[in-house]
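The values are calculated or read from the model by the stated rules, or taken from the named source; none is laboratory data. Fair warning: this is a prediction, and the values are worked out from it, not measured in the lab. Glycine gets a Cβ as well: all are built from the backbone with ideal geometry, and neighbour counts include every protein chain shown. Ligands, DNA and RNA are stripped out before the accessible areas are found, and what is left, the full protein with its side chains, is counted by its heavy atoms. Shrake-Rupley method; radii C 1.70, N 1.55, O 1.52, S 1.80 Å.
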Amino acid sequence: MRIGYPCVNESLTCSAAQTFRLASYSTDRLRTTVAANLVCLRQILEFNVAHGLLYFRLPSGIVPFGSHAINQHDWATEFAPQFAELGAFARKHRMRLALHPDQFVVLNSPDADIVRRSVEELVYQGRLLDLMEMDTAAKLQIHAGGVYGDKPAALDRWVRTWHELLPDAVRRRLVVEPDDRLYSLHDCLELHRRTGVPLLLDNLHHECLNHGESLTDAVLAAAATWHPHHDGPPLMDYSEQAPGERRGKHRASLDEAHFAAFVAALPATVAPDVMLEIKDKEASALRAVAVLRAVRALTAARA
């Protein structure tokens, strides 16, 4: 089990997702920003390896306006050596990488233009992983989308987009995450049955929206959608309910006892790589690694 955190390292002073306003776009500004983002990304990956954090969600904005029509610069060719070096570093240290496109990526929208732009964004983000020469265990994680008053029709549109509009390079990386309001594990299993897309379970989302399945049963059902030879170990998101806040809001810092109970509840046959969606990022991830080591030591002692 690898532990990770998303996008931002708060221990470092740099950002790998620096950007600028669309009105300020220029090729020179793009090139300078991408170069700085890649330098920072190397620092983040080095920090993670040094601290045993071997799963990282890359920021979507490594290349500002990466899927926007204004960006006509061949950044992929210019920065191919830097991306390849980053990927080689990740592979050397057995790091798992992923991306989580923003909420505007909606494959089942009734608006064809939104779907088109969503596909373009997925192509751009998949290209980042391709340039890093990561295998197809490096995933693009999205939600199922909206309901638009008719869930069966929305599911049909998602399936149609998968079959008709998504390039093979995107399909090989895509995973779907059940959410906390609209699409449960049960709903997303239908998408898997119709497309083969793997499902990424979030423990808090499942707690908020389910059909009575225990977390253990839900983990087993989601894990069964992953093909071990080309998807890698299953991925999971881990989060905790923020006390006194709206249902589904993430906690600011890890509750170590809660995380230990989560690890203990995982089926013995499933060892997912776990992304911590906790607000203090690597600080909680470091504590989660310590908890995981303690749980493993206790299990070994009992054996």
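Annotation for the range 148-166: no member residue is open to solvent by 40 Å² or more (accessible area, probe 1.4 Å), touching a helix residue (DSSP H, G or I) at 6+ places or on another chain (Cβ under 6 Å) and of a type in the set (D, E, K, R).
Of the residues making up the range 225-251, those that are part of a loop (DSSP other than H, G, I, E, B), closer than 17 Å to Val274 by Cα and either in contact with a strand residue (DSSP E or B) (Cβ under 6 Å, 6 or more places away or on another chain) or among the small types (Gly, Ala, Ser) (or both) are Thr225, Gly232, Pro233, Ser239. Is it true that some residue in the range 231-241 is more than 19 Å from the chain's Cα centre (by Cα), at pLDDT below 95 and over 19 Å from Arg2 (Cβ atoms)? Yes, the range 231-241 has at least one match. Residues that are touching an Asp or Glu at 6+ places or on another chain (Cβ under 8 Å), more than 21 Å from Pro6 (Cβ to Cβ) and either assigned to a helix (DSSP H, G or I) or not charged (D, E, K, R) (or both) do not occur anywhere in the range 264-286. Only one of the listed residues (Glu213, Glu207) is open to solvent by 40 Å² or more (accessible area, probe 1.4 Å), of a type in the set (D, E, K, R) and over 20 Å from the mean Cα position of the chain (by Cα). That residue is Glu213. Going by what's in this entry, would Ala112 be described as in contact with a strand residue (DSSP E or B) (Cβ under 7 Å, 6 or more places away or on another chain) and either over 15 Å from Ala76 (Cβ atoms) or of a type in the set (Asp, Glu) (or both)? It is false that Ala112 is in contact with a strand residue (DSSP E or B) (Cβ under 7 Å, 6 or more places away or on another chain) and either over 15 Å from Ala76 (Cβ atoms) or of a type in the set (Asp, Glu) (or both). Screening the candidates Ala218, Ala288 for the property of being over 23 Å from Val176 (Cβ atoms), touching a strand residue (DSSP E or B) at 6+ places or on another chain (Cβ under 7 Å) and buried (at least 19 other Cβ atoms within 10 Å of the Cβ) yields one hit, Ala288. Of all residues in the range 227-251, those being open to solvent by 20 Å² or more (accessible area, probe 1.4 Å) and either without any contact (Cβ under 8 Å) to a residue 60 or more places away in the chain or on the phi > 0 side of the Ramachandran plot (or both) number 12.
Against the definition (open to solvent by 60 Å² or more (accessible area, probe 1.4 Å) and at pLDDT 95 or above), how does Asp202 come out, yes or no? The answer is no for Asp202.
For the range 270-285, a residue qualifies if it is at pLDDT below 95, of a type outside the set (D, E, K, R) and touching a strand residue (DSSP E or B) at 6+ places or on another chain (Cβ under 7 Å), and exactly one does: Ile278.
Against the numbered list (1) open to solvent by 40 Å² or more (accessible area, probe 1.4 Å); (2) in contact (Cβ under 8 Å) with a residue 40 or more places away in the chain; (3) more than 21 Å from Gln125 (Cβ to Cβ), Arg172 comes up short only at (3). Which residue is least open to solvent (accessible area, probe 1.4 Å), if the candidates are limited to the range 260-272 and must be under 19 Å from the mean Cα position of the chain (by Cα) and among the hydrophobic types (A, V, I, L, M, F, W, C)? Once the filter is applied, the top-ranked residue is Val270.
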